[in-house]
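Read the structure below first, then the notes.
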Amino acid sequence: MNKAQYTALLGSYQKARLGEQADNAGSVRFEILVPPTAPIVPVWPLRTALLAGIWTAALMAGAGAAYGLQRLRPVVSSLPALKELASFPVLGAVGIAFPSQQRVLFRRNVWRFSAAALVLVAAFGVALALNRWGVRLNIQALKIWGQA
């Protein structure tokens, strides 16, 4: 143990002597011309653009999924469309049994869709606000926040 400590101490002493010799000789001179700086704002990725791109991609994926489901299971809304889809002549059509209830159901569905769209836009706004304030949401941060 003493030998290892002696060797380390001897190495430190030799480095110190070498530094003194370089200072005395003037051969080595260090000057800081421009102090290093780092921007406060991250350079990359542009988080606002990234969040907007992800939000737009999610909306497009949802629209694509809805279109694909409509193509797999088409909804017929008129007699000519039914004739075209079935390739047979249409002999008759049955109307809605309770049109007032259907109107109420349609309005309720429109309100639900509007509320869901509003919540989606509000969530995007909250995500942008948190990003601007510097809050980073990740699994570890959520675990710590849950414990506090």
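The values are calculated or read from the model by the stated rules, or taken from the named source; none is laboratory data. What you are looking at is a predicted structure, and each value in this text was computed from that prediction instead of being measured. Don't worry about glycine lacking a Cβ; one is built from the backbone with ideal geometry, like all the others, and counts go over all protein chains shown.
Given the condition in contact with a helix residue (DSSP H, G or I) (Cβ under 8 Å, 6 or more places away or on another chain) and without any contact (Cβ under 8 Å) to a residue 60 or more places away in the chain, answer yes or no: does some residue in the range 64-83 qualify? Yes, some residue in the range 64-83 is in contact with a helix residue (DSSP H, G or I) (Cβ under 8 Å, 6 or more places away or on another chain) and without any contact (Cβ under 8 Å) to a residue 60 or more places away in the chain. No other residue among 64, 95 is within 24 Å of the chain's Cα centre (by Cα) and either of a type outside the set (Val, Ile, Thr) or surrounded by 10 or more Cβ atoms within 10 Å (Cβ to Cβ) (or both) apart from 64.
Out of the range 54-79, which residues are among the small types (Gly, Ala, Ser) and in a loop (DSSP other than H, G, I, E, B)? 77, 78, listed by residue number. For the range 75-97, indicate whether the set of residues that are closer than 30 Å to residue 118 by Cβ and of a type in the set (D, E, K, R) is non-empty. Checking the range 75-97: not a single residue is closer than 30 Å to residue 118 by Cβ and of a type in the set (D, E, K, R). If you go through the range 83-132 and keep only what is in contact with a Lys or Arg (Cβ under 7 Å, 6 or more places away or on another chain) and among the hydrophobic types (A, V, I, L, M, F, W, C), you end up with just 90.
Looking at 51, 85, which one is assigned to a helix (DSSP H, G or I), modelled with pLDDT under 85, surrounded by 10 or more Cβ atoms within 10 Å (Cβ to Cβ) and within 44 Å of the chain's Cα centre (by Cα)? 85 is the lone residue from the list that is assigned to a helix (DSSP H, G or I), modelled with pLDDT under 85, surrounded by 10 or more Cβ atoms within 10 Å (Cβ to Cβ) and within 44 Å of the chain's Cα centre (by Cα).
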